[in-house]
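What follows is a set of notes on a single structure, which appears directly below.
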Amino acid sequence: MSSAVYALSIHADYKCRHSGVCCAADWDVPVELPIYRSLVEAVQTGALDVAPHAASLAPFIVEAGLPDDAAAMLERTAAGACVFFETESRLCVVHRDLGETALPATCRHFPRVAVRDGRGTSITLSHFCPTAASMLFREEMPLAVIESPRAFPAAEYEGLTVGRDELPPLLHPGMLMDLDGYSAWERHMIARCNTSATPEWVLAALVRDARQLRAWTPDAGPLADAVAGLPAAGVPVVPPASFGRALELHAEIMAAVPDDLRPAPDEAMLDAACRRFVAGRWDAFSVPLNRYLAAKAFASWTAYQGRGVLSIVRGLEAAVALVRIEASRLCRNHGRALDRDLLLEAFRAADFVLNHLAVGEDLAAAWSTAEGR
């Protein structure tokens, strides 16, 4: 398998800014056996200690029912912060005192979302990370796929691994793509997103493009050539007249969240909040919204877990709908019009659900219903 690494241009220089969000998110963090042994040894020899505010707590949870590849879990405070997270410096004690290689895999790889296949490793980011979310607002930087990005050197990244003997993505339920053709489609989606047109315009164009591409057959020549021949023009689109479609997609996403993780329903007055606070400001944020779409189109797990190109586009539509709902909820709660800060939080909230709560295979199955339409 190729060792090449690819990322979007807006993510290529990612670097942790120590917001501390991931370290205080009340997440279960499994610790692999070799890492667990080295951390226990470091604690026993005095080379490592928990953060001062967690001095009364044991560092590790060791009990029955842990994930198969975990020897322990990192303990958390009552507030949900990792015992190794220093609240004053906002630094990880393990990372600071022992180095990155001493971290559990979850900590090393967050917020990276990776797909490894015959082309190499493609990395996008979870925008639950505030630093990653802020990178969506880099309007001066054209969207492109970068090989060998500075932030992501060649390494074994945790994520979706597609072996040599596994099938490439589906064009539609009755036809496979080849990797060259899929790469061309992936880059085509990103090129569509490299615009200041509305995300609804981008989605309408991609739906049209996906439907046209589904008519391809191998005797027509390479699939990559068919992608290159897709129309340059967009599709006239009318802004949604109601919040209904967004709520349908939201319900579809929430159905993929396990019962014990699903947030309590909170849709009261969202339609009114959208009309009052979001609708008039939405188009002003087309560029970061389209960059969010590109980040979902790139390194897509749905490409391999879903049933075709329409499944991928349906996932993009759902992601934007979720951002719109989260933006409306935030604007309602704060009583003000959509602005950069609220949109950034909406991106974070949307990716918390899509990347950290929902089950990817269940999302792909729901979005694959688009293939029958």
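The values are calculated or read from the model by the stated rules, or taken from the named source; none is laboratory data. Model, not experiment: these values are computed from the prediction. As a convention, Cβ positions derive from the backbone with ideal geometry for all residues, glycine included, and neighbour counts pool all protein chains shown. Heads up: the accessible areas ignore ligands, DNA and RNA and are worked out on the full protein's heavy atoms, side chains in. Shrake-Rupley method; radii C 1.70, N 1.55, O 1.52, S 1.80 Å.
Worth a mention:
- Test result for residue 215, open to solvent by 40 Å² or more (accessible area, probe 1.4 Å) and not in a loop (DSSP other than H, G, I, E, B): no
- Residue 289 vs. criteria buried (at least 24 other Cβ atoms within 10 Å of the Cβ) and under 14 Å from residue 370 (Cβ atoms): no
- Single match in 10, 61 (criterion: over 16 Å from residue 96 (Cα atoms), touching a residue at least 60 places away in the same chain (Cβ under 8 Å) and surrounded by 15 or more Cβ atoms within 10 Å (Cβ to Cβ)): 10
- Set side by side, the residues 63, 88, 41 differ, and just one is under 14 Å from residue 20 (Cα atoms) and among the acidic types (Asp, Glu), which is 88.
- Within segment 65-85, tally of residues that are open to solvent by 40 Å² or more (accessible area, probe 1.4 Å) and either of a type in the set (Asp, Glu) or closer than 18 Å to residue 49 by Cβ (or both): 4
- Check on residue 208, of a type in the set (Lys, Arg), outside any helix (DSSP H, G or I) and touching a residue at least 12 places away in the same chain (Cβ under 8 Å): no
- Search result, residues across segment 107-122 that are closer than 19 Å to residue 181 by Cα and among the hydrophobic types (A, V, I, L, M, F, W, C): 115
- Boolean, residue 300 is buried (at least 24 other Cβ atoms within 10 Å of the Cβ), more than 24 Å from residue 194 (Cβ to Cβ) and among the hydroxyl-bearing types (Ser, Thr, Tyr): no
- Filter pass, residue 127 being in contact (Cβ under 8 Å) with a residue 12 or more places away in the chain, open to solvent by less than 30 Å² (accessible area, probe 1.4 Å) and closer than 15 Å to residue 298 by Cα: yes
- Within the span defined as segment 94-101, every residue fails to be within 30 Å of residue 167 (Cα to Cα) and part of a loop (DSSP other than H, G, I, E, B).
- Contact annotation: no residue pair with Cβ atoms under 6 Å, 6 or more positions apart or on different chains, pairs a residue in segment 211-224 that is at pLDDT 95 or above with a partner that is loosely packed, with under 14 Cβ neighbours inside 10 Å.
- Filter result for residue 355 (open to solvent by 10 Å² or more (accessible area, probe 1.4 Å), in contact (Cβ under 8 Å) with a residue 24 or more places away in the chain and either of a type in the set (Lys, Arg) or in a helix (DSSP H, G or I) (or both)): yes
- Only one of 64, 42, 54, 58 that is touching a strand residue (DSSP E or B) at 6+ places or on another chain (Cβ under 9 Å) and of a type in the set (A, V, I, L, M): 54
- Checking each residue in segment 248-264 for being assigned to a helix (DSSP H, G or I), aliphatic (A, V, I, L, M) and over 14 Å from residue 351 (Cα atoms) picks out 249, 251.
- Filtered residues of segment 229-247 (kept if of a type in the set (Gly, Ala, Ser), surrounded by 11 or more Cβ atoms within 10 Å (Cβ to Cβ) and not in a loop (DSSP other than H, G, I, E, B)): 246
- Answer from 266, 260 - the residue that is of a type in the set (Asp, Glu), closer than 22 Å to residue 338 by Cα and loosely packed, with under 13 Cβ neighbours inside 10 Å: 266
- Residue that is farthest from residue 5 (Cα to Cα) [pool: residues in segment 149-160 that are in contact with a Ser or Thr (Cβ under 9 Å, 6 or more places away or on another chain) and either assigned to a strand (DSSP E or B) or among the hydroxyl-bearing types (Ser, Thr, Tyr) (or both)]: 159
- Close contacts from segment 153-172, counting a first residue that is under 19 Å from residue 104 (Cα atoms) and a second that is surrounded by 17 or more Cβ atoms within 10 Å (Cβ to Cβ) and of a type in the set (Ser, Thr, Tyr), with Cβ to Cβ under 8 Å and a gap of 6+ residues or different chains, come to 154/121; 157/121; 158/106; 159/121; 160/304.
- In segment 294-344, the residues that are of a type in the set (Asp, Glu) and assigned to a loop (DSSP other than H, G, I, E, B): 339
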